[in-house]
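Below is one structure; the comments refer to it alone.
The values are calculated or read from the model by the stated rules, or taken from the named source; none is laboratory data. This structure is a prediction, so every number in the text was calculated from the model and none was measured. Cβ: placed from backbone, ideal geometry, glycine included. Neighbour counts: every protein chain shown.
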Amino acid sequence: MKIKAFAIMEKNGKAVPFEYERNVGANEVRVKIIYCAMARGDVQFISDHWGDTRFPFVPGHEIVGIVEETGAHVTALKVGDQVGVGYQLEACFECDYCKAGLEQFCPQQKVIAVHSYGGLAGHIVVDYRFAFLLPPGLHPVNAVPLLSAGLTVYTGIMRAQLPPHAVVGVLGVGGLGQLAIQFLHKMGHEVYAFSHSPEKQALIRQLGAEYIPGSGADDKAAVNKPFDFIISTLSVPYDPDVYLKMLRPQGKLCLVASPQQKQPLSLGLLYDYAQRTIYGNYVGSRRDMTAMLDFAATHQIESMVEVMPYSHADQVNEAIDKVSNGKVNVRLILENKA
């Protein structure tokens, strides 16, 4: 069938109406899109931030919709099911990574922006194994950011294997940071959020964290204890040394975003009277996604959102502009009114 969408035709271009042909394979489902996020990552793909965007590019890698058609081999989903779709749309299910349940590292995977078109469209076709039933406890529009941002921070946190009641920090309080605070708080940890935006203090406390202004370098005394874990959601330049010094000797720093510029790092902070760890996290597996959605539903973890329609290109370009210029403090969700 022909799928109507909005695409960016070239680097830093504007969204325009776009159509492409896509039929449903034996292991695939066609999803009518209801909600799609416009996230910072989509804006970075538009500017080809990572150098791997395929143009024409249909943005949108956090999607909620309704199954409209199922392939011949699909039994786990049925027409009418409400599902969420994230960044990854396919895997081979035959390589060592897939057999180990680590489909996100599959060399043959297909992801939005690099291999496939995204969610700013009327429909999307996806391998049914990457269309996830939404637990009934989640509100569909508020659950949209869980499908990528939520999965990324949740998996990064779980990899830390934190002790009970750990002292943890979150760098940045955008879409990723807001979800990280909620997950850590509901897991029972003592959460601090570092932000250069004083106006976010009330929001930070509402989400379950204590506010620390700026880098926290001058305010560590207010915390008066070392951190077990810090997760960085920052995509602007910062000094990693400041946060490594805040960690316990066996503390961990997790990166789920990074600035385009290289950042300086004093390697001695990892081993000088210490066994500190820095690691990154890239989305998560299907098993991680299911666990994250269940945890979010159980603990009522959702994103604060602003909703806009996307029936024509002007609305899409307005949404891109708002995210690009930091005009929204919550996750921007586009609603398909067609």
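Annotations for the structure displayed:
- Checking each residue of region 79-101 against the condition of being touching a His at 6+ places or on another chain (Cβ under 9 Å) and among the charged types (D, E, K, R) gives at least one match.
- Selected residue (only one of 162, 138, 184, 203 is buried (at least 24 other Cβ atoms within 10 Å of the Cβ) and either touching a residue at least 40 places away in the same chain (Cβ under 8 Å) or not in a loop (DSSP other than H, G, I, E, B) (or both)): 184
- Residue, nearest to the chain's Cα centre (by Cα), within region 102-124, restricted to residues that are among the aliphatic types (A, V, I, L, M) and either over 23 Å from residue 316 (Cβ atoms) or surrounded by 23 or more Cβ atoms within 10 Å (Cβ to Cβ) (or both): 112
- Single match in 58, 31, 85, 64 (criterion: buried (at least 23 other Cβ atoms within 10 Å of the Cβ), among the aliphatic types (A, V, I, L, M) and in contact with a Leu (Cβ under 6 Å, 6 or more places away or on another chain)): 58
- For region 256-265, a residue qualifies if it is touching a helix residue (DSSP H, G or I) at 6+ places or on another chain (Cβ under 8 Å) and either crowded, with 16+ Cβ neighbours inside 10 Å or modelled with pLDDT of 95 or more (or both), and the qualifying residues are 256, 257.
- From the list 231, 157, the one residue that fits, being in contact (Cβ under 8 Å) with a residue 24 or more places away in the chain, assigned to a strand (DSSP E or B) and closer than 30 Å to residue 120 by Cβ, is 231.
- Pair list, Cβ under 8 Å, 6 or more apart: region 258-284 residue more than 30 Å from residue 97 (Cβ to Cβ), other residue part of a loop (DSSP other than H, G, I, E, B): 261/237; 264/239; 269/245; 269/276
- Residues in region 122-145 include none that are touching a Gly at 6+ places or on another chain (Cβ under 9 Å) and of a type in the set (Lys, Arg).
- Given (1) under 21 Å from residue 306 (Cβ atoms); (2) in contact with a strand residue (DSSP E or B) (Cβ under 7 Å, 6 or more places away or on another chain); (3) buried (at least 24 other Cβ atoms within 10 Å of the Cβ); (4) at pLDDT 95 or above, number of the condition residue 171 does not satisfy: (1)
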